[in-house]
Amino acid sequence: MTLPSLTTGQIAELVNADLQGRDDVVIVRLSGLHEAVAGDLCFIRSSEFADQWKNSNASAALVTRDVEVTPRPDTTLLIVDDADRAMIMLLDRVAATQTKIQVGVHPTAIVDPSAVIAPDAYIGPHCVIGASVTIAARVQLLSRVCVGNECTIGEATILHPGVVLYDRTVIGERCLLHGNVVIGADGFGFRPDPSGTGLIKVPHIGHVDIGDDVEIGAGSCVDRGKFGATTIGTGTKIDNLVQIGHNCAIGAHCVICGHTGIGGSTTLGDGVTLGGKVGLPDNLTVGAGATLGGGSLAHEDIPPGEVWIGVPAQRARDAMACHAVFRKLPQLSRTVKKLAKQLENTS
Amino acid sequence: MTLPSLTTGQIAELVNADLQGRDDVVIVRLSGLHEAVAGDLCFIRSSEFADQWKNSNASAALVTRDVEVTPRPDTTLLIVDDADRAMIMLLDRVAATQTKIQVGVHPTAIVDPSAVIAPDAYIGPHCVIGASVTIAARVQLLSRVCVGNECTIGEATILHPGVVLYDRTVIGERCLLHGNVVIGADGFGFRPDPSGTGLIKVPHIGHVDIGDDVEIGAGSCVDRGKFGATTIGTGTKIDNLVQIGHNCAIGAHCVICGHTGIGGSTTLGDGVTLGGKVGLPDNLTVGAGATLGGGSLAHEDIPPGEVWIGVPAQRARDAMACHAVFRKLPQLSRTVKKLAKQLENTS
Amino acid sequence: MTLPSLTTGQIAELVNADLQGRDDVVIVRLSGLHEAVAGDLCFIRSSEFADQWKNSNASAALVTRDVEVTPRPDTTLLIVDDADRAMIMLLDRVAATQTKIQVGVHPTAIVDPSAVIAPDAYIGPHCVIGASVTIAARVQLLSRVCVGNECTIGEATILHPGVVLYDRTVIGERCLLHGNVVIGADGFGFRPDPSGTGLIKVPHIGHVDIGDDVEIGAGSCVDRGKFGATTIGTGTKIDNLVQIGHNCAIGAHCVICGHTGIGGSTTLGDGVTLGGKVGLPDNLTVGAGATLGGGSLAHEDIPPGEVWIGVPAQRARDAMACHAVFRKLPQLSRTVKKLAKQLENTS
């Protein structure tokens, strides 16, 4: 990634680093130690990276204070308490230069006259805004976002192109919804038709209520409640292509990785972590602070704070013990056969 | 969910209930027994719910006739044959008030002159309608739906924002396609290049043919046939983020849950149920009325009416027996070791 | 699929076939041997298909040269070296008649004045093109494609409706991105907040770089790099609803099937095949030419050229041996119990 050119001295000031070496080296790129060339800045947060530094062509490095790094001539070390955090500060600085805050309603947007839009919000090209919608200050609806009737969007929230909000969706402040996210589609509920053939749809008249500082990845879907709301707690981060069913109650500060699917009316406590491709059925509870490893399929409630993995999921320690034997099943089977034979000969 | 205010008397009439208690309580919301407040209506379909009723603040409840419920002062019980069905009737009534049937072609829609659109159909903002398209009466294309050339859409079908129909897609009557569904993209077919490097694309010149009363969830994809059609039978319900491959033949009244993926040319009989995250490879047959549990991966045909689960899938009874031992593998392994030692000492 | 009517003689010339039978039969459809009717052309690439031919109503068949087929009266056999390849040639011919190459910028497209668009490119209805974008010759942006700032799209690439490209995306020549694909959304990276509650977003300032001849299926997502690029190699084919994380390096000529998810900074060598629903975590390497079977979850690097399957994945031979015993676990458990009893009686 090309940076707006900064000198090592300017970067030291920006991230509050102790500078070892030249303060006038112009940095034009962030990169990994292996692929770095002159003009690049790298990150050293452990002794492993310190080793790679010896053969790197990078011009400078951000170094976590307690990692020992051998200086190379004409290069600069920027010593900080935490190289990762300094990197985030630097990325934030660059990201800020990349993001253009816009204001106003694009002439191709279709906005219902009853919608209330803050004067410093932005409604981009080909957006469609329904009746009785409220859009707060500094909201950014990039191009072709659809906002259904009676939706509310909190301050400084950003919706990327292709986002669809069904009627009555509520979104908090500073949220980030990525491309083609769909919020508020009908929950998946059907009952057998009393005639014996086919299915009757259970109408879903509820909505989705999303807290503050929530991020939802590209293509993910959150269905609305049957009645009442599907809720996503403040600070929760959801990856791409995730499905969250009707009437789920997702706690605050959860992390939900890609392709995870959560059935209807399931509850996650605060601070839950779900790995990629986790499956949770309907009507289940995952306790606060619990973790489900990637690919797990839970069939029962997960107690708070515990780590579970596997299909069906069990406590990680138990699952690993089972899997260790699973991988030796052919030997185990042979051993049993041998024992049976021995026993036959003995008796 | 806020209701258009109805009295308990009006609701009794609407769902044909026997009223016990006051008929003039104004109901403003449907809710669960735990979170209910005054003005809320709840549902009691089993003795478990009847227990919760005792400590609920709900003003009224729809009760399945054979469930015994202790009346509370100033509350109303509405006794019906089936509380679930009565709830659907009530939800339907509310849903009807939420849905605004629209008519006409929005001025920002781009419609090919050769398209034939029923006068009482609705083509919303920023829709794009291709050549030789036929759109029947009362069809609702909400905003920015793309309809490719030569598509046909049957009466009263609803397409939500962001739906994409590739050329020649056929959709029946009363279907419901949710946000960002994609119908008719190329099947995923490639052959090794005879040169030895890379792949040659197999062109897909077929189409997708969807029956009546089909529902397809947000973000789901159905690929078109190589030649001939990929078909979805009447009454089949598909959840969010499902993938159906080229030339699949999906029967009538199937239920396909979220994140399920079906490979090319696979056939589902009528009334098949697939749980969430099921994987079916190419060229497989699932018999009518069969069920595959959530997370299953089938490697062989599934006989009609059977329930299979697991990876690879096997009959549920067999799979559960295997899993029961799997969970005790560490003990089994220790037992075998002990036996081997005993036997060594014996001989 | 209805063909532009061609005689058997014309088809023989098109695919360079030896004609046995009449050259004046009019072919109007391609179909399978079972469902074929008069006027249909079928494909026979093995003796199994040759058997089906006997009872088929097809008018003609493309036949791989070394397959023995009994002629039927009034039908035509078209003998070729490879019926599959001849079929692709024929499908290509039909596909070419289906595809309309368009030129120009639709009046409803919003194009930033700084964008450079080749005169023979096509920008369809409701597309939005950002600043400093470069679009090469014969590119086809069908309706409502969003192209962020500073993107580059190579010659003859086709983007279907609903595609979203975030800023700085680079796409090569002759690529095909299907409906609602999202390229370049933020990678999923967060760090615990030093305050102890919640998460801090790691800004992603990189981009996505896609080679030539890449196909990406409907609804799939490729996240951009933290810094530096997420890369997709030339000729790689990606199915629907696939997720590729930030900073992945995907080799050339890979095949990645539906619902597969790849974590951040994972590397695939050239010619890797991933089945459907494969899960790869962060920071893993899959060697060139390796294959991961459908539903596999890898926990370690996969060596080049090897075939791995399972959860967690292991070499296919080992995994199959383990699974074979798994399916007999109930018997194995009973045998061990019996042995223990026998041994007890013996001692």
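The values are calculated or read from the model by the stated rules, or taken from the named source; none is laboratory data. Remember, it's a predicted structure, so these values are computed and weren't measured experimentally. For neighbour counting, all protein chains shown are included, and Cβ atoms are generated from backbone atoms with ideal geometry for every residue, glycine included. When the accessible area is computed, the model is the full protein with side chains, heavy atoms only, and any ligands, DNA or RNA have been set aside. Shrake-Rupley method; radii C 1.70, N 1.55, O 1.52, S 1.80 Å.
Worth pointing out:
- A:Ile88 falls short on exactly one of the conditions (1) away from chain C (no Cβ under 13 Å); (2) open to solvent by less than 50 Å² (accessible area, probe 1.4 Å), and that condition is (1).
- Within region B:229-239, the set of residues being within 12 Å of chain C (Cβ to nearest Cβ) and open to solvent by less than 20 Å² (accessible area, probe 1.4 Å) comprises B:Thr230 only.
- Residue check for A:Leu329: buried (at least 20 other Cβ atoms within 10 Å of the Cβ) and either among the polar types (S, T, N, Q) or within 14 Å of chain C (Cβ to nearest Cβ) (or both): yes
- Considering only residues in region C:1-25 that are at pLDDT 90 or above and part of a strand (DSSP E or B), the one that is surrounded by the fewest Cβ atoms within 10 Å (Cβ to Cβ) turns out to be C:Asp18.
- Residue tally, condition closer than 16 Å to A:Gly211 by Cβ and in contact with a Cys (Cβ under 8 Å, 6 or more places away or on another chain), over region A:243-265: 1
- Per the conditions (1) open to solvent by 10 Å² or more (accessible area, probe 1.4 Å); (2) more than 18 Å from A:Ala298 (Cα to Cα); (3) outside any loop (DSSP other than H, G, I, E, B), the sole criterion not satisfied by B:Val336 is (1).
- Test: residue in region B:165-186 that is part of a strand (DSSP E or B), surrounded by fewer than 24 Cβ atoms within 10 Å (Cβ to Cβ) and facing chain C (nearest Cβ under 10 Å): no
- Sole exception among (1) touching a strand residue (DSSP E or B) at 6+ places or on another chain (Cβ under 9 Å); (2) closer than 17 Å to A:Val311 by Cβ; (3) within 11 Å of chain C (Cβ to nearest Cβ) for B:His299, by number: (1)
- Residues of region B:127-139 satisfying the condition of being within 12 Å of another protein chain (Cβ to nearest Cβ) and in contact (Cβ under 8 Å) with a residue 24 or more places away in the chain: B:Gly130
- From the list A:Val111, A:Val94, the one residue that fits, being aliphatic (A, V, I, L, M) and either more than 30 Å from A:Asp51 (Cα to Cα) or open to solvent by 10 Å² or more (accessible area, probe 1.4 Å) (or both), is A:Val111.
- Checked against the criterion of being more than 10 Å from chain C (Cβ to nearest Cβ) and open to solvent by less than 10 Å² (accessible area, probe 1.4 Å), region A:114-126 contains one or more residues that satisfy it.
- The set of residues from region C:307-320 being in a loop (DSSP other than H, G, I, E, B) and either in contact with a strand residue (DSSP E or B) (Cβ under 6 Å, 6 or more places away or on another chain) or at negative phi (or both) comprises C:Val311, C:Pro312, C:Ala313.
Conditions (1) of a type in the set (D, E, K, R); (2) outside any loop (DSSP other than H, G, I, E, B), marked per residue:
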{"residue": "B:Asp84", "(1), (2)": "yes, yes"}
{"residue": "B:Ile88", "(1), (2)": "no, yes"}
{"residue": "B:Thr97", "(1), (2)": "no, yes"}
{"residue": "B:Pro107", "(1), (2)": "no, no"}
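- Condition check for B:Ala95: within 25 Å of the chain's Cα centre (by Cα), within 14 Å of chain A (Cβ to nearest Cβ), aliphatic (A, V, I, L, M) and within 23 Å of A:Gly187 (Cβ to Cβ): yes
Yes/no matrix, rows are residues, columns are (1) out of contact with any Gly (no Cβ under 9 Å at 6 or more places or on another chain); (2) of a type in the set (Lys, Arg); (3) part of a strand (DSSP E or B); (4) open to solvent by less than 40 Å² (accessible area, probe 1.4 Å):
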residue: A:Ser265; (1), (2), (3), (4): no, no, no, no
residue: A:Gly295; (1), (2), (3), (4): no, no, no, yes
residue: A:Glu300; (1), (2), (3), (4): yes, no, no, no
residue: A:Gly305; (1), (2), (3), (4): no, no, no, no
residue: A:Cys322; (1), (2), (3), (4): no, no, no, yes
residue: A:Lys341; (1), (2), (3), (4): yes, yes, no, no
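- Considered as a group, the residues in region B:215-255 that are of a type in the set (D, E, K, R) and part of a loop (DSSP other than H, G, I, E, B) include one that is farthest from the chain's Cα centre (by Cα), and that residue is B:Lys226.
- The residue that is farthest from the other protein chains (Cβ to nearest Cβ), counting only those in region B:187-214 that are assigned to a strand (DSSP E or B) and open to solvent by 10 Å² or more (accessible area, probe 1.4 Å), is B:Asp209.
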